[in-house]
Amino acid sequence: MKAHYQKVTVLAPARLHMGFIDLSGQLGREFGSIGLGLEDLNTQLSLAAAKVLTVSGPAAERALKCTRRLCEALQVPDTLNIEITNAIPEHVGLGSGTQMALAIGMALNAFYQLGLTVRDIAQLADRGARSGIGIGVFEKGGLVLDGGRGPQTVTPPLLVQMAVPADWRFILVFDQRGQGLHGEQEVHAFKQLPPFPRSEAERLSYLLLMQALPALAEADLPRFGEVISALQIAVGEHFAPVQGGMFTSSEVAAAMAYLAGQGAVAIGQTSWGPTGFCAVDGPQRAAELVWQLQQRFADSHLSFMAVAARHQGGELTVE
């Protein structure tokens, strides 16, 4: 199969996973989740023809395995050179695996003119087994809500995509020491969890539909944040037995408690962490809080950044 372009470049944005709705599927659909795309954190790579497969840059080993697997599934030559200029940190709750797979898959799709969709690639790469947030963020950006998994689901359907007010900022709290549960650890953890109460799933569904989404539409950050915090408490308490508490990292937990005391809202942990997040109104307030965190937690293993929501999905350019 012949390539149609000399070079294809893809940018795949990081995402926040703000929580699941129903972890037991007692209402007929399992999971369902809410999250959003982020600016300033992404995986970016370029793909071109070569005599043999070579991959360079951050997360190169992971990308190499992913490329081989996708080339085999797509039945296209893997005589390629892939240069990774940026990679989302692995296993910290920002969707690195899904975004790497979608970036490589969509680059191959364009390079060989296969005519596939983002969801076709996600299915081939075995992404979206539980959450569809990473897929939705790559497709659309903004805040996304997926419909979880039913008996016939291939990838969780995207139900809602909304813009996030331009002035809202999300403060991320990173623990440099470790990673959240992933891979077989994650699968085993889900099997250990007790049934998620049906009443909780019903309550969270109502709060998201009738409180959080209207609050977002009306740019009401306190109300939106109140619902996200409630969702995070419900899911965090459910996950606590397998992740050691509401937060995977005790240092992140301390920083999040401090942020809550300073008026930040939407307090939570993205995926299995250890990264924590919160929301504040305005870039100036976000910058002030990041500076305060840096002073207060100077002797910790933490680092901090403030980012805006990203209002577009993945980017693809060809030469």
Size of the dipole of the chain about the Cα centre, Lys and Arg at +1 and Asp and Glu at -1 on the beta carbon, nothing else charged, in debye to 20?
600 debye
Starting at the first residue of the range 44-52, write each ³J(HN,Hα) from the Karplus equation 6.51 cos²θ - 1.76 cosθ + 1.60 with θ = phi - 60°, in whole Hz, x for Gly and Pro.
10, 8, 10, 10, 8, 5, 8, 6, 9
Sorted from fewest to most neighbouring beta carbons within 10 Å, what does the list Ile34, Ile133 look like?
Ile34, Ile133
If contacts are Cα pairs under 8 angstrom and at least 6 residues apart, what is the relative contact order of the chain in percent?
26 percent
Loop-located trypsin sites (Lys or Arg not before Pro) in the range 1-99, at most 15 other Cβ atoms within 10 Å (DSSP):
Lys2, Lys51
5 angstrom amide H check on Lys7, placed H, neighbours 5+ away:
Glu319
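Normalised by the residues of the range 168-307, what does the relative contact order come to in percent, with Cα pairs under 8 Å and at least six apart? Please report the intermediate quantities before stating the final value.
On the way: 199 pairs, mean separation 57.8, N = 140.
Contact order relative to length: 41 percent.
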Going through the DSSP H helices of the chain, which span 18 Å or more along their own axis at the Cα atoms while scoring at least 0.5 as a mean Kyte-Doolittle hydropathy?
96-111, 221-243
Those aspartates and glutamates that a straight Cα-Cα span of less than 17 Å connects to Lys7, excepting residues fewer than 8 apart in one chain
Asp78, Glu83, Glu315, Glu319
To the nearest 20 debye, what charge dipole does the range 184-319 have about its Cα centre, counting +1 at the Cβ of each Lys and Arg and -1 at the Cβ of each Asp and Glu?
240 debye
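Computed from the coordinates by the stated procedures, all read-outs in this text should not be read as laboratory data. All of these numbers come straight from a predicted model, not from anything done at the bench. When we count neighbours, we look across all protein chains shown, and the Cβ atoms used for this are built from the backbone with ideal geometry, even at glycine.
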